[in-house]
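A short reminder: the numbers here are calculations on the coordinates, not readings from a lab. This structure is a prediction, so every number in the text was calculated from the model and none was measured. Because the Cβ atoms are built from the backbone with ideal geometry, glycine has one as well, and the counts that use them run over all protein chains shown.
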Amino acid sequence: MKCRKCSEKAVFNMRQHKLAMCREHYLEWFPQQAQRFIEKYRMFDPQDRILVAVSGGKDSLALWDVLSRLGYQAEGLYIGLGIDGGVQYSASSHRLAAQFAEARGLHLHAVDVETLEGATVPTAAQLTRRGQGKPCSVCGLSKRHIMNQAALEGGFDVLATGHNLDDEVAVLFGNTMSWSVGYLARQSPILDGEPGLVRKVKPFCRFYERETAAYALLRGIEYIYDECPFAAGASSLYHKELLNRLEADRPGAKLSFYLSFLRAKEGGLFGAEQEREGGLLHACLTCGQPTSAPGQCAYCRTWSQVRQRAESTLNPS
Ligand code: Q46
Ligand code: ZN
Ligand code: ZN
């Protein structure tokens, strides 16, 4: 197969776009596409300061690489969750993110959850029994809170995450299966900021996972191959498997599902009211971040419960 642009041997074929390219042209095409998406969804401008949430995986490192190549002012944020899982997941991903930043002279901010709150995410999940011992619920809420706080405190205009099309479509499919209208209404390439909440964007939301993986590989980016050990058995992985089968039979099915959804939303499918994050918001009494829960936000409530439980385990009365 030949490259569409130069007739050299193609190294990567995208059936869904009927497009094959050589290494050089793929590495040129990919950031150009990202720039198109950034402009199309009005994500940010060159003068904006961007905080990229970096997990050490291929998507977030590829995103940071692309934004830097495009000339954006992008700094990274790594959140240490304290997950080992027999593969030193957090330690390895932190090392790879730091190595990536150092090699390119980029600035990586790091927040360690255990240093901040006194316990790792898996310990917190055990102590609170939130999510039946699976740390994903404590993990998700902690990441959202810390990302928002770091972006606001650092004076960033926007927080960018590396979610790709496969991620977005799996979430869309899951939320459609359960008709979670509130979540569907807020699923978007951009979520506007409001007082106390930073603007969030997903510049890779139209790239297939294998496209971001090919980019990372061809750019020689070293990233963590292991999934988080707690991801096993997640329904999103099952949905991804189903959707991969659909895509294999009908190339382009995922992209068209996602784009049709965005078009329907633009057409007013959910109405303006539901697009606000979490209904009526007020400031959390402890941290000041906006929350719809009475009194404290879920993050502060969860972590104060963790501290209480840890204390009563250490000093049983
Ligand atoms: S939520 Fe769950 Fe992920 Fe946190 S504990 Fe791992 S799998 S990292 S996106
Ligand atoms: Zn070429
Ligand atoms: Zn709070």
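Couple of notes before you dig in:
- Volume per residue that the Cα convex hull of the chain spans, once the total is divided by residue count, Å³: 150
- Each listed q (0.17, 0.18, 0.22, 0.30 Å⁻¹) maps to a log10 I(q)/I(0) for region 82-121 from the Debye sum over equal C-alpha point scatterers, namely -0.52, -0.57, -0.76, -0.98.
- Proximity of backbone amide H atoms, modeled 1.01 Å from N, is registered between Val52 and Glu75, Gly76, Leu77, Ala160 at under 5 Å, excluding neighbours fewer than 5 places apart on the same chain.
- With the convex hull drawn around the C-alpha atoms of region 154-252, the volume per residue stands at 152 Å³.
- Rounded to whole Hz, the Karplus (6.51, -1.76, 1.60) HN-Hα couplings of region 245-251, x for glycine and proline: 5, 4, 5, 4, 7, 10, x
- Once the Cα atoms are used to define both axes, helix 58-69 deviates from the longest principal axis of the chain by about 70 degrees.
- Backbone N within region 196-229 under 17 Å of label point (7 Å from Ala103 Cα along the Cβ vector): 213-226
- Local electrostatic count, Val87, Cβ distance below 10 Å [Lys/Arg +1, Asp/Glu -1]: -3
- Fully extended contour minus Cα-Cα distance, from Asp48 to Arg219, at 0.36 nm per residue: 59.0 nm
- Cβ charges +1 (Lys, Arg) and -1 (Asp, Glu), total dipole of region 166-220, debye: 120
- Virtual spin-label span in nm between Ala232 and Glu311, 7 Å along Cα→Cβ: 3.7
- Computed FRET value (nearest 0.05) for Arg15 with Leu242, which takes r as the C-beta separation and R₀ as 22 Å: 0.75
- Gap separating the Cα centres of region 241-272 and region 1-77, nearest whole Å: 21
- Couplings 3J(HN,Hα) of region 20-33, computed from phi: 10, 9, 7, 4, 4, 6, 5, 5, 8, 5, 4, x, 5, 5 Hz, in residue order, whole Hz [Karplus 6.51 cos²θ - 1.76 cosθ + 1.60, θ = phi - 60°; x for Gly and Pro].
- Measuring between alpha carbons in the structure, the pairs from Lys9/Lys200; Lys5/Lys40; Lys134/Lys265; Lys5/Lys265; Lys5/Lys143; Lys2/Lys58 lying more than 31 angstrom apart are Lys9/Lys200; Lys134/Lys265; Lys5/Lys265; Lys5/Lys143.
- Rounded, prolate or oblate (a/c below 1.5 giving rounded, otherwise prolate when a/b exceeds b/c) for region 203-251 by Cα gyration tensor: oblate
- Under the shape rule built on the C-alpha gyration tensor, where the axes satisfy a ≥ b ≥ c, region 28-116 is prolate, since a/c reaches at least 1.5 and a/b is greater than b/c.
- In terms of its C-alpha gyration tensor, region 1-69 comes out prolate, because a/c is 1.5 or above and the ratio a/b outweighs b/c.
- Net length gained if the chain between Leu269 and Lys2 were fully extended (0.36 nm per residue, minus Cα distance): 91.9 nm
- The angle between the Cα long axis of helix 165-177 and the main principal axis of the chain comes to about 60°, on a 0 to 90 degree scale.
- Between Ala91 and Leu116, the C-beta separation translates, for a Förster distance of 22 Å, into a calculated FRET efficiency of about 0.80.
- Within the listed set Lys18, Lys202, Lys254, the Gaussian network model of the chain (springs between alpha-carbon atoms below 10 Å) gives the highest mean-square fluctuation for Lys18.
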